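A.B. asks: Here it is, the structure in full.
Read-outs throughout are calculated quantities, based only on the coordinates presented, and are distinct from any laboratory measurement. No experiment lies behind these values; they were computed from the predicted model shown. Cβ sites come from the backbone with ideal geometry, for glycine too, and all protein chains shown count toward neighbours.
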Amino acid sequence: MTVSAPRLTRAYVETYGCQMNVADGELMEGVLVSAGYEIVSSPHEADVVLVNTCAIRDHAERRVLGRVSQLNALKMERPGLVIGVTGCMAQRIGETLLEKAPYVDLVMGPDSYRSLPAHLDRLFTVAAELPSAPVRWGGTSAGEAGDGTRRRLQLAVLELDPREGYEGLEQRRTSGSSAWIPIQRGCDHRCTFCIVPYVRGSEKNRASGDVLDEVRRIADSGVTEITLLGQTVSSYQHDGWSFPRLLREVARVEGIRRVRFTSPHPNDVSDELIEVMATEPAVCEQLHLPAQSGNDRTLKRMVRRYTVGGFLGIVDKVRGALPDVALSTDVIVGFPGETEDEFEDTLELMRTIRFDDAFTYRYSLREGTPAARFPKGEFIPEIEAQRRLEELIRVAREIQAEINLGEVGRVDEVLLERQARNPGELLGRTRRNKVVALPAPGCDAGDYVLAELTGTRGGTFAGWPVGAPIAANWR
């Protein structure tokens, strides 16, 4: 249902967290544009600011609370400004957020974005009816306070909808090089450390035909790289379609040059999926494979449903079919009950597999997850957990540096994405997801170039173009 645009129609969406959050931010912008809003590039230009949040770690939530506090200073200058907090953190904390940050007008979970314009319209309408002063913070409805002042409207929209897959809505995409395509929302796994099933609900998969239609529209717009998104994307099933089948058909859409997907659960990396990755030219030689731990007892307590040996077997199969594959992972240390020897097992797994990249975390307690109910005596002291994290980061970076140094001199195809830090250079990625900064005169985001990797610093390569830009329409 299309909602008439309110009198105030400038919106700014600020996103924190994972790729799914980025896609959700684009979705909210698309919904708002269809309702007549203008998307602006700064909160100072906006009538409504939406902070799109992550709930995976406590640090992310504290960062968001600090950010909305900053936005309150802007609201004090412009009392008509509407501040909304959306996404996983909003779903997790709920109406309590309106008490912690009483200057927030709207709290909205991930299943409610379709109704966003209607709720904003209501907020703007009530605000217009209130006197300019005095206005009291608090309350979930507008009305009389005990002292005769008026209370402004605050809304909490937090209902999880098992049918909401956002069919018929599309993101507002601004990248000319790549596009995120959510094919799955929610999660049926119940890893004991993870809040996602409780803030995004159970797994919901989109119809394959709708996904393919969206891919074709994206290809027709000139975008040549897509990433299929899902919490456990490789578990996708819909009307007899498996994820390998969907991946194969997506990779064959005319005009699509590169296909990526994230994040698969290791248990769903099947022989069929590996075969599709190895035989479809558009599927990139890159796989994000979350290990989480290198110890069987810890994995069992995390309810990951695989062993270290099983994980190593999957890696061997992938590398056997795709010898040039680049692997990345997620790892948590300091999980409740993790011993020093079990932590050392995780370091040994890192040294054995030698991931090209690793996203490393110290366990963060999330109320509402099974791990939060473990005996308090099992929780690792913060100082010790931080020590383990720093050691994990050191090992991961040493391995990455060794791998990257060995790739200097290699010539790879680079998809240019945006301006680099150095003037005159553009930043792009290889098929194996290596970041490259290089001079590319006459090129724009979305162009392809062959580049020699001439050096490396941290996770970024320096490159030099080899020959003329490559035509994106290659088939």
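A.B. asks: First measure r as the distance between the Cβ atoms of Arg305 and Glu170, then evaluate 1/(1 + (r/R0)^6) with R0 = 35 Å and state the FRET efficiency to the nearest 0.05. Intermediate values should be presented prior to the final figure.
C.D. replies: Details: r = 34 Å, r/R0 = 0.98.
Efficiency computed from Cβ-Cβ geometry: 0.55.
A.B. asks: Debye sum, Cα scatterers, the range 149-228, no solvent: what log₁₀ I/I(0) at q = 0.10, 0.11, 0.15, 0.16 1/Å?
C.D. replies: -0.38, -0.44, -0.70, -0.76
A.B. asks: At 7 Å along Cα-to-Cβ for each site, give me the label-to-label distance between Arg319 and Thr352 in nm.
C.D. replies: 1.1
A.B. asks: For a footprinting-style exposure proxy, rank Met76, Met28 by other Cβ within 10 Å, fewest first.
C.D. replies: Numbers: Met76 10, Met28 28.
In increasing order of surrounding Cβ atoms, one gets Met76, Met28.
A.B. asks: For the range 397-465, take every pair of Cα atoms, bin their distances at 5 Å starting from 0, and report each bin as a whole percent.
C.D. replies: With 5 Å bins starting at 0, P(r) equals 4, 20, 33, 24, 13, 5, 1, 0.
A.B. asks: Relative contact order for the range 282-422 using alpha-carbon pairs under 8 Å, separation at least 6, rounded to a whole percent? List each step's numbers first, then the result.
C.D. replies: Numbers: 156 pairs, mean separation 35.1, N = 141.
Rounded, it is 25 percent for the range 282-422.
A.B. asks: Would you mind computing, in nm to one decimal, how far apart the modelled labels at Glu407 and Lys100 are, each placed 7 Å from Cα along Cα→Cβ?
C.D. replies: Placing both labels 7 Å beyond Cα along the Cβ direction yields 3.8 nm.
A.B. asks: Find out how many positive minus negative residues lie around Ala11, taking Lys and Arg as positive, Asp and Glu as negative, among other residues whose Cβ is under 11 Å from that of Ala11.
C.D. replies: On the way: positive: Arg10, Arg172; negative: Glu14, Glu29, Glu38, Glu45, Asp47.
Net local charge, Ala11 excluded: -3.
A.B. asks: What is the spin-label model distance, in nm, from Asp330 to Leu312 if the labels are put 7 Å beyond Cα along the C-beta direction?
C.D. replies: About 2.4 nm, to one decimal.
A.B. asks: Still on this model: Gap in Å between the Cα centre of the range 244-296 and the Cα centre of the range 75-89?
C.D. replies: Between the Cα centres of the range 75-89 and the range 244-296 lies a distance of 39 Å.
A.B. asks: Still on this structure, I have one more. Looking only at Cβ-Cβ distances, which cysteines of the chain have no other cysteine closer than 4.7 Å?
C.D. replies: Cys18, Cys54, Cys88, Cys187, Cys284, Cys443
A.B. asks: Add +1 for every Lys or Arg and -1 for every Asp or Glu among the other residues with Cβ under 10 Å from the Cβ of Arg57, and state the total.
C.D. replies: Values: positive: Arg62, Arg63, Arg362, Arg366; negative: Asp58, Glu61.
Taking every Cβ under 10 Å from that of Arg57, the sum is +2.
A.B. asks: Further question: Return the Cα extents of the range 339-409 along principal axes one, two and three, sorted largest first, each rounded to a whole Å.
C.D. replies: 51, 24, 20
A.B. asks: Give me the net charge of Thr232's neighbourhood, meaning all other residues with Cβ under 13 Å from the Cβ of Thr232; Lys, Arg count +1, Asp, Glu -1. Kindly include the intermediate steps, with their values, before the conclusion.
C.D. replies: Working: positive: Arg185, Arg190, Arg200, Lys204, Arg304, Arg305; negative: Asp188, Glu203, Asp268, Asp330.
Residues close to Thr232 contribute a combined charge of +2.
A.B. asks: Counting other beta carbons within 10 Å of each Cβ, put Ser69, Ser115 in order, fewest first. Write down the numbers at each step before the final one.
C.D. replies: Numbers: Ser69 12, Ser115 15.
Arranged by neighbour count, lowest to highest, Ser69, Ser115 become Ser69, Ser115.
A.B. asks: What relative contact order, as a whole-number percentage, does the range 3-88 give when Cα pairs under 8 Å and 6 or more residues apart are counted? Present the calculation step by step, with values, prior to reporting the outcome.
C.D. replies: Details: 123 pairs, mean separation 28.7, N = 86.
About 33 percent, as a whole number.
A.B. asks: While we're here: Let me check I have the definition right: for the chain, take the eigenvalues of the Cα gyration tensor, multiply each by 5, take square roots. What are those semi-axes in whole Å, largest first? Mind showing how you got there, number by number?
C.D. replies: Details: eigenvalues 297, 166, 95 Å².
Calculated on Cα positions only, the semi-axes equal 39, 29, 22 Å.
A.B. asks: Right, another one. Just want to confirm a number: the relative contact order over the chain, from Cα pairs under 8 angstrom separated by 6+ residues, in percent.
C.D. replies: Numbers: 963 pairs, mean separation 47.9, N = 475.
Contact order relative to length: 10 percent.
A.B. asks: Okay, moving on. Which order results if Cys18, Cys187 are arranged by neighbouring Cβ count within 10 Å, fewest first? Before the final figure, lay out the partial values.
C.D. replies: Details: Cys18 19, Cys187 22.
Taking fewest neighbouring Cβ atoms as first place, the list is Cys18, Cys187.
A.B. asks: Given the rule -39500 (n - 2.57) for each run of at least 4 DSSP H residues, summed and divided by the residues of the chain, what is its mean residue ellipticity at 222 nm, to the nearest 500 deg cm²/dmol?
C.D. replies: -10500 deg cm²/dmol
A.B. asks: Quote the charge dipole size of the chain about the Cα centre in Debye, to the nearest 20; the model charges only the Cβ of Lys and Arg (+1) and of Asp and Glu (-1).
C.D. replies: Values: 58 positive and 68 negative charges, 130 e Å.
Roughly 620 debye, rounded to the nearest 20.
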